[in-house]
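The values are calculated or read from the model by the stated rules, or taken from the named source; none is laboratory data. Because the structure is a prediction, the values reported are computed rather than measured. Backbone-built Cβ (ideal geometry, glycine too); neighbour counts: all protein chains shown. Protein only, heavy atoms only, side chains kept; ligands, DNA and RNA dropped before computing areas. Shrake-Rupley method; radii C 1.70, N 1.55, O 1.52, S 1.80 Å.
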There are 2 protein chains.
Amino acid sequence: MKIAVVGETRPGERRVALVPGLVSRLTDVSTDVSADGTAEVAVAVEPGAGAAAGYTDDDYRQAGAVVAGDALRGADVVLSVQPIPEYRIGELAPGAITISFLPAAQELDLVRALRDGGHTALAMELVPRISRAQAMDALSSQSFVAGYRAAVVAAERLPRFLPLSMTASGTIRPATVLVLGAGVAGLQAIATSRRLGAVVRAYDVRAASAEEVRSLGAEFVELDLPTLEGTGGYAREMTEERSRLQRELLAPHVADADVLITTASVPGRTAPILVTEEMVAAMRPGSVVVDLAAESGGNVEGAKPGEEVTIGGVLVWGGANVPSQLPAQASQLYSTNVVNLLLHLRSGGAPTIDFDDEIVAGCCVTHAGEVRHAPTRELLDNPVS
Amino acid sequence: MKIAVVGETRPGERRVALVPGLVSRLTDVSTDVSADGTAEVAVAVEPGAGAAAGYTDDDYRQAGAVVAGDALRGADVVLSVQPIPEYRIGELAPGAITISFLPAAQELDLVRALRDGGHTALAMELVPRISRAQAMDALSSQSFVAGYRAAVVAAERLPRFLPLSMTASGTIRPATVLVLGAGVAGLQAIATSRRLGAVVRAYDVRAASAEEVRSLGAEFVELDLPTLEGTGGYAREMTEERSRLQRELLAPHVADADVLITTASVPGRTAPILVTEEMVAAMRPGSVVVDLAAESGGNVEGAKPGEEVTIGGVLVWGGANVPSQLPAQASQLYSTNVVNLLLHLRSGGAPTIDFDDEIVAGCCVTHAGEVRHAPTRELLDNPVS
């Protein structure tokens, strides 16, 4: 079996789908029981694929991989972070399995090309959020990175101390951090802000997150609103009236914060506006807002992905591919997710696509000339004109 | 008695010598026992003096101060962070007391003007480092701010996690931070890096600092060199041969670090080069160096104050007026130091300059037409041509 690692080409993408340290988990004979008993697995990496994440071609060679410009040729499995670009689909071997993030609804042309090429496309963001798939959950692992990064970026932008400091020259009060959305990213932002000694408050529409927030030493903000629980740990969308009321109730908490970190996004959908420009402008001058949802529309009105804008004296940092800002470790976690998924497919031999398996059924977008992901199939069959 | 607060004019200076919250400590009748029993203390602040630190003119008015363009006129005491500019000396009332940082050896023209005007100039950096003057120690309070800032800047520039992180997608190893110089700034950099979960090592020529370093959960790097102890908690300068050997012994520790923070400076002297460009280039690509001593020549060869340069793939951040980057709280601590010194001078009446007092004798640069600070007097009498 041949596994190829693709060099990423999307601007700003610094991650790599397989770090050198994990090559041996794929090539190791003891973990490989291929169908014909020959146990031969080769990993081929495109030159420079790991460079932006700090991994050299030599690192890959030393790990047992081959570095080759034609790594894709004849590969049974193709690994990448961003989906393989449409213009490269022709390079794939017939029936190749691609494993990557694949925002199918936004990449319909690509999905069509993968389908028509007879390729099996697995989308990491569609791996079901069930216990046995936790080690394959790339959305969570990358959110973990983004949450840490959000807190560190905010601490660096804030022109004041985060921790309480008692010195011979007087006492410095701790800063207040408000985190909206207590999913994986939010919890990690809370934990990191707490590490730095800030007073942290957090809010989430899911009341179930209150315990997790409190266990990190933060205060859970209770709003007088009915709670929303979604499936798979995600929040459901809410009505406009409820959103308005929520913003109104959040306003004083936002105004009181030195740092606001927002992390509320619903996969594949436009992020909800939780904070208006007016609410931002009501914060003290010099305060800092980090919007991790900026790429999917933003939780904060006026936030721009990849930019820092100032609204009423408040700095608003809009996230853009935030995990790529810590590329070595984001790659390490992502690689672990990908390798675990691949080893799961291979259990007992060559990779098999078994739709009785909840994980495969969940994350498979195309297979054997068909689009298996129902919402994407509907979009392809009934294009929005 | 009239106390004036000067608006700072030096580029990049964002601090203010008196924050609104401390005005009442000067004007409060209970703490004021003026010589004539009238207990009248007025604080006059130049318009916009606190703006860059986040304090408005209204904040000062509400605190009981007067905001006036001619705040200096007739003031008995003049407070600033940077020394009052030479062109403004003529605005001082006869015999006025100025309290500010005053790097006398570098400001000989200014010292001469203060002397010839008959003014009493007190230099905050010359306050002796004795227990009862701890609350007036502005060098320490500002170093405290710089040390925190150094760690946060490094964490933000480093493209990896600082803390050990154990996730369902694998374990992330903690980053390693090396701090050179374990004075106030170094200890605060250590404490903040430790808060963020890094593995921290530290070195100081003073063996006495080992215990402090260890008490913060960091490892003290022992080099096979004779130790140096200075007076007043400062390190003495060392011979070139010893410096070379020290660099040689430090090299492997530097190469092993993800973050290097240097804080070694001897007040009023050029900082020692602890780390060469070659040593920086031997660090892993993506590593980060923060040189807090960049303004006084730098501990790191190639570091430039106020700039970020790259040496062999390593980012080198050179500090420039680092306390001004957290201006509100740096000002708060500095104000506390200044107020404590002023209240010390006033104990029992109007400010008195008593050279039997160790604190006054230590920090007084000019008084009654004379230069009282011996090293500065020598420089003035025997100018280096």
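Rounded is the label for the range B:188-337, because a/c, from the alpha-carbon gyration tensor with a ≥ b ≥ c as root eigenvalues, stays below 1.5.
Taking all protein chains together and rolling a 1.4 Å probe, B:Glu222 ends up with roughly 130 Å² accessible.
Can you tell me the FRET efficiency between B:Ala51 and A:Asp357 if r is taken as the Cβ-Cβ distance and R0 is 60 Å, rounded to the nearest 0.05? It comes to 0.40. For the range A:10-20, backbone phi angles converted through the Karplus equation (6.51, -1.76, 1.60; θ = phi - 60°) give residue-by-residue couplings of 5, x, x, 7, 10, 7, 9, 6, 9, 8, x Hz, Gly and Pro being listed as x.
Largest GNM mean-square fluctuation across A:Arg157, A:Arg112, A:Arg269, computed for chain A with C-alpha springs under 10 Å, falls on A:Arg269. As I understand it, the dipole of the range B:147-320 uses +1 on the Cβ of Lys and Arg and -1 on the Cβ of Asp and Glu, about the Cα centre. Which of B:Ala182, B:Leu223, B:Leu158 lies farthest toward its positive end? Most positive-ward Cα: B:Leu158.
Alpha-carbon geometry of chain B: the Rg and the Dmax are 22.4, 74 Å, given in that order.
Using the Cβ-Cβ distance between A:Ile130 and A:Leu249 with R0 set to 35 Å, the FRET efficiency works out to roughly 0.55. The residues of the range A:304-336 occluded by other protein chains by 30 Å² or more of accessible area, set against the chain on its own, are A:Leu326, A:Gln329, A:Gln332, A:Leu333; surface from heavy atoms, 1.4 Å probe. Rounded to two decimals, the Cα-based Rg/Rh of the range A:158-216, with Kirkwood Rh, is 1.07.
Per atom type, the range B:246-377 shows carbon and sulfur on 49% of its accessible surface, probed at 1.4 Å.
Spatial offset of the range B:242-303 relative to the range A:195-226 amounts to 42 Å, using the alpha carbon center of each.
In nanometres and ascending order, the distances from the B:Arg112 label point to those of the other copies are 8.2 (point 7 Å from Cα along Cα→Cβ). Most tightly packed first, judged by the mean number of other beta-carbon atoms within 10 Å of their residues, the peptides A:66-78, A:12-24 read A:12-24, A:66-78. Highest-first packing order for the peptide set B:281-292, A:127-138, A:158-169 is B:281-292, A:158-169, A:127-138, based on the mean count of other beta carbon atoms within 10 Å. Computed over the Cα atoms of the range A:238-319, the ratio of the radius of gyration to the Kirkwood radius (Rg/Rh) comes to 0.95.
A quarter of the convex hull surface defined by the alpha-carbon atoms of the protein assembly as shown gives 38.0 nm² as the mean projection. Relative contact order of chain B: 19 percent, from C-alpha pairs under 8 Å at least 6 residues apart in sequence. Solvent-accessible surface (1.4 Å probe) assigned to B:Lys304 amounts to roughly 90 Å².
Averaged over the residues of A:154-163, the number of partner chain Cβ atoms lying within 10 Å of the residue Cβ comes to 6.
Chain B versus the axis that turns it onto chain A: the residue with the nearest Cβ and the distance in whole Å amount to B:Glu156, 2. Every helix of 4 or more DSSP H residues in chain A counts as -39500 (n - 2.57), and over all residues that averages to -9000 deg cm²/dmol at 222 nm.
Each Cα pair under 8 Å and six or more residues apart adds its sequence gap; the mean of these over the residue count of the range A:89-177 is a relative contact order of 19 percent.
Placing a label point 7 Å from Cα along the Cα-to-Cβ axis, B:Gly74 is separated from the same position in the other copies by 9.6 nm, shortest listed first.
In this structure, the amide hydrogen of B:Ile97, modeled 1.01 Å from its nitrogen in the peptide plane, lies closer than 5 angstrom to those of B:Val77, B:Val78, B:Thr120, counting only residues at least 5 positions away or on a different chain.
Rolling a 1.4 Å probe over the heavy atoms of the protein chains gives the protein assembly as shown an accessible area of 40 Å² per residue. Proximity of backbone amide H atoms, modeled 1.01 Å from N, is registered between B:Thr167 and B:Ile172 at under 5 Å, excluding neighbours fewer than 5 places apart on the same chain.
Connecting C-alpha atoms closer than 10 Å in a GNM of chain A, tell me which of A:Thr192, A:Thr56, A:Thr98 has the biggest fluctuation. Judging by the Gaussian network model, the answer is A:Thr56.
Can you give the log10 of the normalised intensity I(q)/I(0) at q = 0.26 Å⁻¹, computed with Debye over equal Cα scatterers of the range A:44-131? Taken in order of the listed q values, log10 I(q)/I(0) reads -1.27. Gyration tensor analysis over the Cα atoms of the range A:50-198 returns equivalent ellipsoid semi-axes of 43, 19, 13 Å (largest first, whole Å).
Between copies, A:Ser24 shows label-point distances of 6.6 nm, shortest first, with the point placed 7 angstrom from Cα along Cα to C-beta. The relative contact order of the range A:146-320 comes to 19 percent, based on Cα pairs under 8 Å that sit 6 or more residues apart. Each Lys and Arg contributes +1 and each Asp and Glu -1, all at the Cβ; summed about the Cα centre of the protein assembly as shown, the dipole is approximately 560 debye.
If only the Cβ of Lys and Arg carry +1 and only the Cβ of Asp and Glu carry -1, the dipole of the range B:147-320 around its Cα centre is close to 500 debye.
The gain in end-to-end length when the B:Gln106 to B:Lys304 segment is fully stretched comes to 69.3 nm, 0.36 nm per residue minus the alpha carbon separation.
Subtracting the Cα-Cα distance of A:Leu164 and A:Glu277 from their residue separation scaled by 0.36 nm leaves 37.7 nm.
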